[in-house]
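Participant: The following block contains the structure, expressed as structure tokens.
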Amino acid sequence: MAGGTAEAFAVRGKTLDGEPVDLWVGSDGMFESEPIPGAETISADGWILPGLVDAHCHVGIRYGGGIEDAAGARAQAIVERDAGVLLLRDAGSPADTRSFDDDPALPRIVRAGRHIALPKRYIRGLPVELDDESQLPAEVVRQARAGDGWVKLIGDWIDRGTGDLAPLWSDAILAEAIAAAHREGARVTAHVFGEDALPGLLAAGIDCIEHGTGLTDETIAIMAAAGTALVPTLVNIDNFPEIADSATRFPVYAAHMRDLHARVADTIGAAHDAGVPIYAGTDAGGHVRHGRIADEIAALGRVGLDPTEAFAAAGSAARAWLGHPSLEPGTPADFIVYAEDPRRDPAAARPDLVVLRGAVVTRSASLA
């Protein structure tokens, strides 16, 4: 059955909470609500989870820099799929991956269009660069219509004039732009490393913060009260010392990046303790290779999420946040099974069964 099937089948196992699960998958690739007569049981035990989510990645941005061609972007998506990631939130990419939507072998992608920045205030070649911030509301509308319900702003980046991280946008234009996105039915997120951009973004009603290494007690409290999400991308933050080492022309920026890195566990842990919704994202593409969701889940465990919470941040909770169901009758059969409890060693956990749109992608002999 590996590689795809048009036959109905069944899977039995348990959730991470220990609740028994019986799944029936019809020949149409959808979950059924009742047992299917004659369906083969392809796994009789194991820990069953909905397909994992990488809530911050970049399909089409090459590891080490540059833009992938279609074949390279597709290969990235397959790496994610084989790691059990069946839903991706692409948090900004100039690559056109719309054709992937019709490929049943690839994970689903929720796109945020292209990053929006000002000239020389982000990685060259990746964002739409505006000549003036007054253009931001109109560009947000364009990206909202091009994406899948998300828009991605660059909230801060190094300002070469000051030699440190600095906000890109005024508070007033952020309020206008985010309101414009919301009128389009889109949510807005922003790349933010430092402290100074956060108050304006949060006051404007932003829906999510990426990275969030500069969060303070005050901005954490605002996020918790508003329900603003955080995707910390901890495996990418591991690169901060290397980024600092390369920034020899900007010693203030380099010192700031090292400080943000040194206190990240306390920062994200405080956000979790305050009740800020946290979701797993690797920032794959650029500095991080695709397929590292297990490392991100493990990293979330090191900053205060218990193992079950960490898997939910990359699973059921993230899927609900993005508007995708988990293991529900009448929905596409996207799920994974672990032969052993993945919480024992999240970084080493790899699914033994991956099912995408009702087709078996991988199946290990270790499954009962």
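The values are calculated or read from the model by the stated rules, or taken from the named source; none is laboratory data. Every value quoted in this text rests on a predicted model; they were computed, and no experiment measured them. So basically every Cβ, Gly included, is an ideal-geometry build from the backbone, and we count neighbours across all protein chains shown. To get the accessible areas, we keep the full protein, side chains included, count just its heavy atoms, and leave off ligands, DNA and RNA. Shrake-Rupley method; radii C 1.70, N 1.55, O 1.52, S 1.80 Å.
Participant: Based on the Cα atoms of the chain, what semi-axes does the equivalent ellipsoid have, where each is the square root of 5 times one gyration tensor eigenvalue, given in whole Å with the largest first?
Facilitator: So the equivalent ellipsoid measures 37, 21, 19 Å along its semi-axes.
Participant: Using a Gaussian network for the chain with springs between C-alpha atoms less than 10 Å apart, which of these wobbles most: THR308, THR267, THR213?
Facilitator: Maximum among the listed residues: THR308.
Participant: Springs between alpha-carbon atoms under 10 Å, Gaussian network over the chain: tell me which of HIS211, HIS272, HIS58 tops the mean-square fluctuations.
Facilitator: Of the options given, HIS272 has the highest mean-square fluctuation.
Participant: Short version: what are the Cα gyration tensor semi-axes of the stretch 1-77, square root of 5 times each eigenvalue, largest first, in whole Å?
Facilitator: They are 34, 17, 10 Å, listed largest first.
Participant: Suppose all protein chains stay in the model; what accessible area per residue would a 1.4 Å probe give for the chain, in Å²?
Facilitator: Ligands and nucleic acids excluded, the result is 39 Å² per residue.
Participant: Still on this model: Once you keep just the Cα pairs under 8 angstrom separated by 6 or more residues, what percentage relative contact order results for the stretch 226-368?
Facilitator: Relative contact order of the stretch 226-368: 19 percent.
Participant: Please state the charge dipole magnitude for the stretch 1-136, taken about the Cα centre, from unit charges on C-beta atoms (+1 on K and R, -1 on D and E), reported in debye and rounded to the nearest 20.
Facilitator: Rounded to the nearest 20 debye, it is 620 debye.
Participant: What percent of all Cα-Cα pairs in the stretch 260-368 falls into each 5 Å bin, going from 0 up to the bin containing the maximum distance?
Facilitator: 2, 11, 17, 22, 22, 14, 7, 4, 1, 0
Participant: What percent of all Cα-Cα pairs in the stretch 25-163 falls into each 10 Å bin, going from 0 up to the bin containing the maximum distance?
Facilitator: Each 10 Å bin holds this share of Cα pairs: 10, 33, 28, 16, 8, 4, 1.
Participant: Mind checking the dipole of the chain: about its Cα centre, +1 per Lys or Arg Cβ, -1 per Asp or Glu Cβ, Debye to the nearest 20?
Facilitator: 640
Participant: Assuming 0.36 nm per residue, please report the length gained on full extension of the stretch ARG124 to ARG145 beyond their Cα-Cα distance.
Facilitator: 5.2 nm
Participant: Helix 217-226 versus the longest principal axis of the chain: what is the Cα-based angle in degrees, 0 to 90, to the nearest 10?
Facilitator: 50
Participant: When only the heavy atoms of the protein chains count and the probe is 1.4 Å, how do TYR338, TYR63, TYR122 rank by accessible area, highest first?
Facilitator: Descending accessible area places them as TYR63, TYR122, TYR338.
Participant: Let me ask you something else. So how much accessible area does GLU184 have, in Å² to the nearest 10, using a 1.4 Å probe?
Facilitator: Spelled out: GLU184, probe radius 1.4 Å, area about 70 Å².
Participant: Let me ask another. Kindly work out what percent of the DSSP beta bridges joining two residues of the chain are antiparallel, to the nearest 5.
Facilitator: The antiparallel proportion sits near 45 percent.
Participant: Modelled label-to-label distance, ARG258 and ALA172, 7 Å Cα→beta-carbon offset: nm?
Facilitator: Those two pseudo-labels are separated by 4.0 nm.
Participant: Among VAL59, VAL235, VAL21, which one shows the highest mean-square fluctuation when the chain is modelled as a Gaussian network with alpha-carbon springs under 10 Å?
Facilitator: Comparing VAL59, VAL235, VAL21 in the GNM, the peak value goes to VAL21.
Participant: So how much slack lies between ASP17 and GLU40, counting 0.36 nm per residue of separation and subtracting their Cα-Cα distance, in nm?
Facilitator: In short, 5.7 nm is gained.
Participant: Something else: Beta carbons within 10 angstrom, averaged per residue: use that to sort the peptides 137-148, 30-41, highest first.
Facilitator: Peptide ranking by packing, descending: 137-148, 30-41.
Participant: Rounded to the nearest 500, what is the 222 nm mean residue ellipticity of the chain from helices alone, with -39500 (n - 2.57) per DSSP H run of 4+ residues and division by all residues?
Facilitator: Computed mean residue ellipticity for the chain: -8500 deg cm²/dmol.
Participant: At a threshold of 8 angstrom on Cα-Cα distance, excluding pairs fewer than six apart, so keeping six or more, what relative contact order does the stretch 50-209 reach in percent?
Facilitator: Relative CO of the stretch 50-209 lands at 17 percent.
Participant: Over all alpha-carbon pairs in the stretch 144-300, figure out the percentage whose distance exceeds 29 Å.
Facilitator: Taking all Cα-Cα pairs of the stretch 144-300, the fraction more than 29 Å apart is 15 percent.
Participant: Report the residues of the stretch 268-290 in range of a label on ALA221: point 7 Å along Cα→C-beta, backbone N strictly under 17 Å from it.
Facilitator: Zone members listed by number: 270-276.
Participant: Follow-up question, since we're still on this one. Carbon and sulfur: what percent of the chain's accessible surface (1.4 Å probe)?
Facilitator: After summing per-atom areas, the C and S share lands at 50 percent.
Participant: Give me the percent relative contact order of the chain, please, defined on Cα pairs under 8 angstrom at least 6 residues apart.
Facilitator: 22
Participant: Here is a further query. For the stretch 114-217, what proportion of DSSP beta bridges, expressed in % and rounded to the nearest 5, is antiparallel?
Facilitator: If I count the DSSP bridges inside the stretch 114-217, around 25 percent turn out antiparallel.
Participant: Per-residue HN-Hα couplings for the stretch 176-181, Karplus 6.51 cos²θ - 1.76 cosθ + 1.60 at θ = phi - 60°, whole Hz, x for Gly and Pro?
Facilitator: Coupling constants for the stretch 176-181: 5, 5, 5, 4, 5, 4 Hz.
Participant: Still on this structure, I have one more. Using a ≥ b ≥ c from the Cα gyration tensor of the stretch 103-231 (square roots of the eigenvalues), is it rounded, prolate or oblate, where a/c under 1.5 gives rounded and otherwise the larger of a/b and b/c decides, a/b for prolate?
Facilitator: Here the stretch 103-231 falls in the rounded category.
Participant: Taking Cα atoms, how many degrees apart are the long axis of helix 136-146 and the longest axis of the chain, rounded to 10 and kept between 0 and 90?
Facilitator: In the chain, helix 136-146 runs at an angle near 20 degrees to the longest axis.
Participant: Short version: ³J(HN,Hα) in whole Hz for each residue of the stretch 296-309, in order, from phi by Karplus 6.51 cos²θ - 1.76 cosθ + 1.60 (θ = phi - 60°), x for Gly and Pro, what are they?
Facilitator: 5, 4, 4, 5, 4, x, 7, 10, x, 6, 6, x, 5, 4
Participant: Per-residue HN-Hα couplings for the stretch 277-292, Karplus 6.51 cos²θ - 1.76 cosθ + 1.60 at θ = phi - 60°, whole Hz, x for Gly and Pro?
Facilitator: With the stated coefficients, the stretch 277-292 comes to x, 10, 10, 8, x, 9, 6, 4, x, x, 8, 10, 6, 6, x, 9 Hz.
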